[in-house]
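**Q** Take a look at this one; I'll ask things after.
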Amino acid sequence: MDTIVILGAGQFGRAASRLSNLDHLRILAFGDNAKKLWGTAIGGVKVCSVEDAVSLKPDLILIGVTDRDRTGQLKDQALRAGFTGRFLLLGDLYQYFDIRSATLFNMADRLLQRKVPGDVAELGVYKGDTAWKLNLLFPDRKLYLFDTFAGFDPRDIAKEESSGYSRAQVGDFGDTSERAVLTRLPYPEQAIIRKGFFPETAKGLEEASFCLVSLDADLYAPLLAGLEYFYPRLSPGGMICLHDYGNPRFSGAAQAVADYEAAHGSLCLVPLCDLHGSAVIVAP
């Protein structure tokens, strides 16, 4: 059994620890430069300085961040501390393996095999990284794409600020356009753009039904509105892929689920172990 230290005790490092095969790896510690984390524990594993983590002489160091600059900085820091073993870079794995997309493909297989009726939709399209996959998987169904295409709306940011859900700013994720997204779609004739502030952009679709919905709006208010609009319109057996449910950077996502359940009853929700804390919701 190899021993391993994870450098980076943030969201991605924690997710990487849960993905580690503990039949073959023993996690000795998290190393992090945030002094406030030193002496704490994550899943029973201590957090210490990078230098103290390296001093444990692990067989392997996992750099638990994906940003290229931070990856290089942590690797250099470990080398300066005397590490001579193997490195595993989470950024490299993230580039080639995508748990959320793999789950999305499996969800689509299930829905198509069961012939679950309904259209497909995404709330929070950004540059279309998920939209083109939905379009590819369901070439014969309408794909509704809801987004401001101008970044976060001031009305939603006001709620984030007042409740402390995130540090999001007005206009974040605004570097996109409808045209840019449509050019990525394999079947653009099936796409229906609904540009503007949600849920206002859902007007006229009161009778719509859906088999699969991607909720990736990040913020509390649009995600709660998304659950209120889409979940009652899911066909039996239909599914929602909810992004950021377990993401501390956008804590409003989990709160939106909690508030929806408080008002309407429990959801059949399964958290995923991707780096962004996604979850799958299934309609009975």
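The values are calculated or read from the model by the stated rules, or taken from the named source; none is laboratory data. These figures come from a predicted structure and were not determined experimentally. Backbone-built Cβ (ideal geometry, glycine too); neighbour counts: all protein chains shown. For accessibility, only protein heavy atoms count, side chains too; no ligands or nucleic acids. Shrake-Rupley method; radii C 1.70, N 1.55, O 1.52, S 1.80 Å.
**Q** Quick check on this structure: which one of Pro139, Pro154 is of a type outside the set (S, T, N, Q), under 20 Å from Phe250 (Cα atoms) and either at pLDDT below 95 or more than 18 Å from the chain's Cα centre (by Cα) (or both)?
**A** Working: Pro139 fails: under 20 Å from Phe250 (Cα atoms).
Selected residue: Pro154, the only one of Pro139, Pro154 that is of a type outside the set (S, T, N, Q), under 20 Å from Phe250 (Cα atoms) and either at pLDDT below 95 or more than 18 Å from the chain's Cα centre (by Cα) (or both).
**Q** Name the single residue that is surrounded by the fewest Cβ atoms within 10 Å (Cβ to Cβ) among those in segment 225-259 being out of contact with any helix residue (DSSP H, G or I) (no Cβ under 8 Å at 6 or more places or on another chain) and part of a strand (DSSP E or B).
**A** Applying the filter and picking the extreme gives Pro236.
**Q** Then there is this: Please identify the pairs in which a residue from segment 181-200 that is of a type in the set (D, E, K, R) has its Cβ atom under 7 Å from the Cβ atom of a residue that is open to solvent by 60 Å² or more (accessible area, probe 1.4 Å), counting only partners at least 6 apart or on another chain.
**A** Arg184/Trp132
**Q** Can you pull out the strands (runs of 3 or more DSSP E) entirely within segment 67-184 that have at least 3 residues that are hydrophobic (A, V, I, L, M, F, W, C), touching a strand residue (DSSP E or B) at 6+ places or on another chain (Cβ under 6 Å) and loosely packed, with under 14 Cβ neighbours inside 10 Å?
**A** On the way: elements: 86-89, 119-123, 143-147.
Result: empty, no element qualifies.
**Q** Inside segment 199-234, can you point out the residues that are within 16 Å of the chain's Cα centre (by Cα) and among the β-branched types (Val, Ile, Thr)?
**A** Val213
**Q** Look through segment 56-66, keep the residues that are over 21 Å from Gly277 (Cβ atoms) and assigned to a loop (DSSP other than H, G, I, E, B), and return whichever of them is least open to solvent (accessible area, probe 1.4 Å). Before the answer, list the steps.
**A** Kept after step one, since they are over 21 Å from Gly277 (Cβ atoms), are these residues of segment 56-66: 56-61.
Right, trim to assigned to a loop (DSSP other than H, G, I, E, B) and you get 56-59.
On the way: Leu56: 66, Lys57: 164, Pro58: 11, Asp59: 66 Å².
The residue in question is Pro58.
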